[in-house]
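Notes for the one structure printed next.
The values are calculated or read from the model by the stated rules, or taken from the named source; none is laboratory data. Small disclaimer: the values here were computed from a predicted structure and weren't measured. Positions of Cβ are generated from backbone atoms using ideal geometry, with glycine treated the same way; all protein chains shown enter the neighbour counts. The accessibility values were calculated without ligands, DNA or RNA, using every heavy atom of the protein model including side chains. Shrake-Rupley method; radii C 1.70, N 1.55, O 1.52, S 1.80 Å.
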Amino acid sequence: MKGEALPQQETFDDLVADFHEAAFQPELWPQTLQKTADIFKVTGTILLAWPGAPLGAIWSEGLDDIMYPFFEEEWYTQNPRLERAELLRPYQSVITESDLFTPEELDTLPFHAEFINVHGFRWSVGTFVTSVDDVHTAFAFERKASMERFSPSEVKAISAFLPHMRQAGQVAVRLAQAHSGGMLDAFEAIGCGAVLIDYLGNVQRFNQPAERYIGTLLQISGGKLNAPHKESNDALQRLIFSLLQPPQFERSPELLAVLERHKRHPVVVYGMPLVRTVRDMFQYGKAILILVDPEECATPPELILQRSFNLTQAETRLALAMVQGRTLNEYADAQGVAIGTARVQLKSVMRKTSTHRQAELVSFLVKLSRSLPLLE
């Protein structure tokens, strides 16, 4: 059939190597997906973690026009592909759109009629790469309606590539799990409690400093974390709810909750999403809750900021300057850096703290300093 994309063995072997390299260096996933799209002659390829796409996605640039509205317009909540594909998963490793939908459905289902078809797409081949604790990572090849549909020989070529995709995915999962476990250990090393929660808000793991609060300041009920004190629990649930939202497009989540204690300093809980980096595409944990007790966590504020928000030393100095009420120009003069450099650092701090304007960042840092005496 005209337009068939059957990679030569040498090209196939090279792509397999790229997949395994991306498993070890997650920042390579976007270019690996683009290379896959080029080799198989498709509009684009995508890695999508789900159910409900709560864990985000990585895609090649050819899918920009459809993936941004997929999240912004919340089409991921009306996507029947993955649910139908899951039913076929035990029987069929590679699934096409024709396996999932009738020709009439491809024209009339709202997901197709109002979204897929509107953006000019039509043909798809997908497969499951990894499945852990009922969370799946799917890989899909997408073509526009103006292109040839996938032929049986192309589906066969994709099937031959599937074992290598899955092997790379398993490596990525193990590395991501080791990464999250290492983060819990890192917070333990500085005396801070840390709790790993999954995409449903269930507690997956917690470190030893966090354990001393379980049963007193915090409780686990039905797998969920809560606080006995109503106001504290309300703040904690707002924080967790915010962390569970899809990590896309200018949403400003809650960043902390304060757990009040009678006649004692409060414990401050920070939320750190895990899915905002490509490393965590295969990380089925959703976020880490960091518990900072000023009476127990005798750690310099610089280290708390660095660990909580993954700031560099220079970005931490800038954040502390903001807490102290200094302007950006004053900070640049004091540090002996160009104002342009300071602006770059400021943008990075805002991105890492999920704030979008300097005033919002300063407000957050002031709130942080009032909640945590160590930053005063």
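With axes computed from alpha carbons, what is the tilt in degrees of helix 152-189 against the longest principal axis of the chain, rounded to the nearest 10 within 0 to 90?
10 degrees
From the residues LEU305, PRO152, LEU47, which one has its Cα farthest along the dipole of the chain in the positive direction, the dipole being from +1 and -1 charges on Cβ of Lys/Arg and Asp/Glu about the Cα centre?
LEU305
Among ALA140, ALA342, ALA319, whose mean-square fluctuation peaks in a Gaussian network model of the chain (Cα, cutoff 10 Å)?
ALA342
If exposed means no more than 16 neighbouring beta carbons inside 10 Å and the site is in a DSSP loop, what's the longest run of the chain without any exposed chymotrypsin sites (Phe, Trp or Tyr not before Pro)?
Between the exposed loop sites, the longest stretch runs 92-248.
At a Förster radius of 41 Å, what calculated FRET efficiency corresponds to the Cβ-Cβ distance of LEU162 and VAL362, to the nearest 0.05?
0.25
Report the relative contact order of the range 41-173, percent, no decimals, based on alpha-carbon pairs under 8 angstrom and at least 6 residues apart.
In percent, rounded to a whole number, it is 27.
To the nearest 20 debye, what charge dipole does the chain have about its Cα centre, counting +1 at the Cβ of each Lys and Arg and -1 at the Cβ of each Asp and Glu?
900 debye
Taking the chain as the reference, fit the longest principal axis to its C-alpha atoms, fit the long axis of helix 29-39 to the helix C-alpha atoms, and give the angle between the two in degrees, 0 to 90, nearest 10.
10 degrees
How high is the relative contact order of the chain, in percent, counting Cα pairs under 8 Å that sit 6 or more residues apart?
The value is 14 percent.
Positive end of the dipole of the chain, charges at C-beta (+1 Lys, Arg; -1 Asp, Glu), about the Cα centre: which of ALA168, ASN226, VAL267 has its Cα farthest in that direction?
VAL267
If one takes the longest principal axis of the Cα atoms in the chain, at what angle in degrees, from 0 to 90 and to the nearest 10, does the Cα axis of helix 339-352 lie?
70 degrees
Hey, rough spin-label estimate for THR216 and GLU72, points 7 angstrom out along Cα→Cβ, what's it come to in nanometres?
4.9 nm
How many percent of Cα pairs in the chain exceed 27 Å?
54 percent
Which of these, LEU236, LEU218, LEU87, has the largest mean-square fluctuation under a Gaussian network model of the chain (Cα springs below 10 Å)?
LEU87
As a test of understanding, state the convex hull volume per residue of the range 57-188 from its alpha carbons, in Å³.
136 Å³
May I ask you to list the aspartates and glutamates whose Cα is less than 17 Å away from that of LYS224, ignoring any residue fewer than eight positions away on the same chain?
ASP133, ASP198, GLU211, ASP234
With a 1.4 Å probe and all protein chains left in place, how much accessible area per residue does the chain have, in Å²?
46 Å²
For GLU295 and LYS41 in one chain, what is 0.36 nm times their gap in residues minus the Cα-Cα distance, to one decimal in nm?
Extra length from GLU295 to LYS41 when fully extended: 85.5 nm.
Distance cut-off 18 Å, Cα to Cα: go down the list LYS41/LYS144; LYS35/LYS352; LYS41/LYS156 and report the pairs above it.
LYS35/LYS352
Positive end of the dipole of the range 1-137, charges at C-beta (+1 Lys, Arg; -1 Asp, Glu), about the Cα centre: which of ALA22, THR96, PRO69 has its Cα farthest in that direction?
Value: THR96.
As an exercise, use a Förster radius of 35 Å and the Cβ-Cβ distance of GLU10 and HIS119 to find the FRET efficiency, rounded to the nearest 0.05.
0.55
Which FRET efficiency value, to the nearest 0.05, is calculated for LYS347 and THR108 with the Förster distance at 41 angstrom and r the Cβ-Cβ distance?
Once the sixth-power term is evaluated, E becomes 0.35.
Under unit Cβ charges (Lys, Arg +1; Asp, Glu -1), what dipole magnitude, rounded to 20 debye, does the range 163-271 have relative to its Cα centre?
140 debye
Counting each DSSP H run of 4 or more residues in the chain as -39500 (n - 2.57), what helix-only mean residue ellipticity at 222 nm follows after dividing by all residues, to the nearest 500 deg cm²/dmol?
Mean residue ellipticity at 222 nm (helix-derived): -14000 deg cm²/dmol.
Ignoring any ligand, DNA or RNA, what whole percent of the accessible area of the chain comes from carbon and sulfur when the probe is 1.4 angstrom?
Ligands and nucleic acids excluded, carbon and sulfur reach 50 percent.
Longest span of the chain, sites excluded, free of trypsin sites (Lys or Arg not before Pro) in DSSP loop with at most 14 other C-beta atoms within 10 Å?
Formally, the longest exposed-site-free interval is 3-211.
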